[in-house]
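A short reminder: the numbers here are calculations on the coordinates, not readings from a lab. Only a predicted model underlies this, so the values are computations on that prediction, with no experimental measurement involved. Here the Cβ positions follow ideal geometry from the backbone for every residue, glycine too, while neighbour counts run over all protein chains shown.
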Amino acid sequence: MVTRTSTPLLNLTLTVIVDSAAEARAKDGEEGARDKKENKSKAIEELVQLVRRIDKNGDGMISIGEVMDAYENVPAFRNDGDGSNCT
């Protein structure tokens, strides 16, 4: 009789644990998606700011001269490939 009583209790306990883990994974996924969206927005804004810094005459276009000047004078333009210098 003890075995019959403990098996349903064990099943209930495992169900609660599995459901809790599933909820935690779903929450992590939502937070990860939100973080990714925020990081993307931040990267876009940093790129826009960099382009504005490069566009010296403010005409909305970047000439080859402005690119050459930016390469020489704007450290963020010459990053190491991981985007960490884009400020």
Going through the stretch 41-55 in order, the residues found to be part of a helix (DSSP H, G or I) and closer than 14 Å to Gly65 by Cα are Val51, Arg53, Ile54
Is it true that some residue in the stretch 62-71 is of a type in the set (Val, Ile, Thr), within 13 Å of the chain's Cα centre (by Cα) and surrounded by 10 or more Cβ atoms within 10 Å (Cβ to Cβ)? no
